[in-house]
Amino acid sequence: MTKAVVLGAAGGIGQPLALLLKANPLVTELGLFDIVNTPGVAADLSHIATPAKVEGYLPPDDGLAKALKGADIVVIPAGVPRKPGMTRDDLFKINAGIIRDLATGIATSAPKAFVLVISNPVNSTVPIVAEVFKKHGVFDPKKLFGVTTLDVVRASTFVSEVIGDLSKAPSVVVPVVGGHSGVTIVPLLSQSSHPLPSSYSSSELEALTYRIQFGGDEVVKAKDGAGSATLSMAYAGAEFAAKVLKAISGEKGVIAPSYVHLSADKAGGDALKKELGKDLDYFSTNVEIGPEGVVKINSLGKLTDYEQSLVQAAIPELATNIEKGVTFIGTPK
Ligand code: NAI
């Protein structure tokens, strides 16, 4: 029996994500919470002939606590998305408070759940959740994940386009490390499962790297004020959630890139900090996940000089983003 909960379930990401979770046979209960429309979304999804029992909740009558009761995995796409000209950091003002309140609900109603944070700016919202959990004495770094999967999905797609064979997209694996915004997104294209053409020039490599880093802007621009990536994000979020669900069910060797607190695996985290040359608390890299959460934080592997320079460029912005989230909650260290 596995209960998944979506907070922000009536939104652009929330609805298709809830649909994909309803379609996942490992989910037996699906709780949907939002400040609007969840009864309708839940009624609609509940007619789909898959195992999950679906229920929708709104804030009155302790709806958040009811939605979270018994949750094994909580996915959070609540909050405002970007409009053209905005960075993810511009969302901090509104989303930080939303995430703080939802994290407080999780800390009291489902402190043992795996928590997957989609709401932006992920580089800061994940530290906010951690600080709230620390305040409640329930912080388990092994179970808190910033969802960076969309960057990985984009990298797979764009590389398969370069190779000229979109049918390869599902099998192309490119590690994307760092964080989830602009220059903090670092695709390690030299480690792609499908190498780029040998004729690929360094300026082409830079352009592809830029496209992966700023792929979200293509969607924001095309939607022209109507929001940011929702469908591709729902796909990516469901893919990451599916991996976590497999790990919870006991499958071994589940590995996925995610933005985690580096104490989740002390040895791996310390080794990674050494590689970075910086004592960062959070970083996204391939992590192995087991039934109790993060089992191993993997190293970055062999980087090219170019990739090394991208990692170094990401570090100061990441450090600032992390500090901003921590300061917002104001837990003394
Ligand atoms: P949206 O505006 O369509 O949906 C957000 C939903 O959150 C709405 O239904 C709203 O009612 C709900 N909400 C607001 N306050 C809430 C609260 N206190 N409790 C529960 N629900 C609440 O936005 P969209 O497009 O679904 O994006 C959601 C978030 O995901 C944004 O912050 C966006 O930047 C982020 N995002 C993250 C990505 C990633 O790769 N991690 C990719 C794309 C978007």
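The values are calculated or read from the model by the stated rules, or taken from the named source; none is laboratory data. On a predicted model such as this, the values are computed, not experimentally measured, just so you know. Cβ sites come from the backbone with ideal geometry, for glycine too, and all protein chains shown count toward neighbours.
What pairs come out if I take residues in region 233-247 that are within 11 Å of Leu17 (Cβ to Cβ) and pair them with residues that are among the hydroxyl-bearing types (Ser, Thr, Tyr) and crowded, with 18+ Cβ neighbours inside 10 Å whose C-beta lies under 6 Å away, six or more apart or interchain?
Here the result reads Ala236/Thr149; Glu239/Thr149; Phe240/Thr149, each pair linking region 233-247 to a residue that is among the hydroxyl-bearing types (Ser, Thr, Tyr) and crowded, with 18+ Cβ neighbours inside 10 Å.
Consider Glu131 against the criteria (1) in a helix (DSSP H, G or I); (2) within 16 Å of the chain's Cα centre (by Cα): it satisfies all of them except one. Which criterion is unmet?
(2)
Output the residue which, of all residues in region 19-56 that are of a type in the set (Val, Ile, Thr) and more than 24 Å from the chain's Cα centre (by Cα), is surrounded by the most Cβ atoms within 10 Å (Cβ to Cβ).
For region 19-56, the residue satisfying everything is Thr50.
Conditions tested, residue by residue: (1) at positive phi; (2) at pLDDT 95 or above; (3) of a type in the set (Ser, Thr, Tyr).
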site: Asp151; (1), (2), (3): no, yes, no
site: Thr157; (1), (2), (3): no, yes, yes
site: Val177; (1), (2), (3): no, yes, no
site: Ser193; (1), (2), (3): no, yes, yes
site: Ser198; (1), (2), (3): no, no, yes
site: Ser203; (1), (2), (3): no, yes, yes
site: Lys221; (1), (2), (3): no, no, no
site: Gly225; (1), (2), (3): yes, no, no
site: Ala241; (1), (2), (3): no, yes, no
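Given the conditions (1) in a loop (DSSP other than H, G, I, E, B); (2) within 11 Å of the ligand (Cβ to nearest atom); (3) over 16 Å from Phe328 (Cβ atoms), report the number of the one that Val138 does not fulfil.
It is condition (2) that Val138 fails.
With respect to the numbered conditions (1) in contact (Cβ under 8 Å) with a residue 12 or more places away in the chain; (2) within 8 Å of the ligand (Cβ to nearest atom); (3) closer than 16 Å to Ile329 by Cβ; (4) surrounded by fewer than 18 Cβ atoms within 10 Å (Cβ to Cβ), which one is the sole condition not fulfilled by Thr104?
Condition (2) is where Thr104 drops out.
Within region 177-187, identify whether any single residue is under 22 Å from Asp90 (Cβ atoms) and of a type in the set (S, T, N, Q), and answer yes or no.
Our first condition is that a residue be under 22 Å from Asp90 (Cβ atoms); within region 177-187, this holds for 178-186.
Keeping just the survivors that are of a type in the set (S, T, N, Q) gives 181, 184.
Checking region 177-187: at least one residue is under 22 Å from Asp90 (Cβ atoms) and of a type in the set (S, T, N, Q).
Here is a yes/no grid of residues against (1) free of Cβ contacts under 8 Å to residues at least 24 places away in the same chain; (2) farther than 20 Å from Asn321 by Cβ:
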{"residue": "Arg88", "(1), (2)": "no, no"}
{"residue": "Leu116", "(1), (2)": "no, no"}
{"residue": "Ser119", "(1), (2)": "no, no"}
{"residue": "Phe139", "(1), (2)": "yes, no"}
{"residue": "Thr157", "(1), (2)": "yes, yes"}
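Pick from Lys252, Lys324, Lys274: which is in a helix (DSSP H, G or I), out of contact with any helix residue (DSSP H, G or I) (no Cβ under 9 Å at 6 or more places or on another chain) and either at pLDDT 95 or above or more than 28 Å from Ile98 (Cβ to Cβ) (or both)?
Values: Lys252 fails: in a helix (DSSP H, G or I); Lys324 fails: out of contact with any helix residue (DSSP H, G or I) (no Cβ under 9 Å at 6 or more places or on another chain).
Of Lys252, Lys324, Lys274, the one residue that is in a helix (DSSP H, G or I), out of contact with any helix residue (DSSP H, G or I) (no Cβ under 9 Å at 6 or more places or on another chain) and either at pLDDT 95 or above or more than 28 Å from Ile98 (Cβ to Cβ) (or both) is Lys274.
Quick one: count up the residues across region 194-229 that are touching a residue at least 40 places away in the same chain (Cβ under 8 Å), within 16 Å of the ligand (Cβ to nearest atom) and surrounded by fewer than 16 Cβ atoms within 10 Å (Cβ to Cβ).
Qualifying residue count for the region: 3.
If I ask for residues that are touching a Pro at 6+ places or on another chain (Cβ under 9 Å) and modelled with pLDDT of 95 or more, which ones from region 205-219 would you list? Working first, answer last.
Step one: of region 205-219, the residues touching a Pro at 6+ places or on another chain (Cβ under 9 Å) are 208-209, 212-213, 217.
Hits for region 205-219 are Leu208, Thr209, Ile212, Gln213.
Being among the hydrophobic types (A, V, I, L, M, F, W, C) and surrounded by fewer than 24 Cβ atoms within 10 Å (Cβ to Cβ) narrows it down to one of Leu166, Leu144, Leu150, so name that one.
Details: Leu144 fails: surrounded by fewer than 24 Cβ atoms within 10 Å (Cβ to Cβ); Leu150 fails: surrounded by fewer than 24 Cβ atoms within 10 Å (Cβ to Cβ).
None of the other options fit; the residue is Leu166.
Is region 248-264 home to any residue that is surrounded by fewer than 22 Cβ atoms within 10 Å (Cβ to Cβ), within 15 Å of the chain's Cα centre (by Cα) and more than 18 Å from Ile185 (Cα to Cα)?
Yes: region 248-264 contains one or more residues that are surrounded by fewer than 22 Cβ atoms within 10 Å (Cβ to Cβ), within 15 Å of the chain's Cα centre (by Cα) and more than 18 Å from Ile185 (Cα to Cα).
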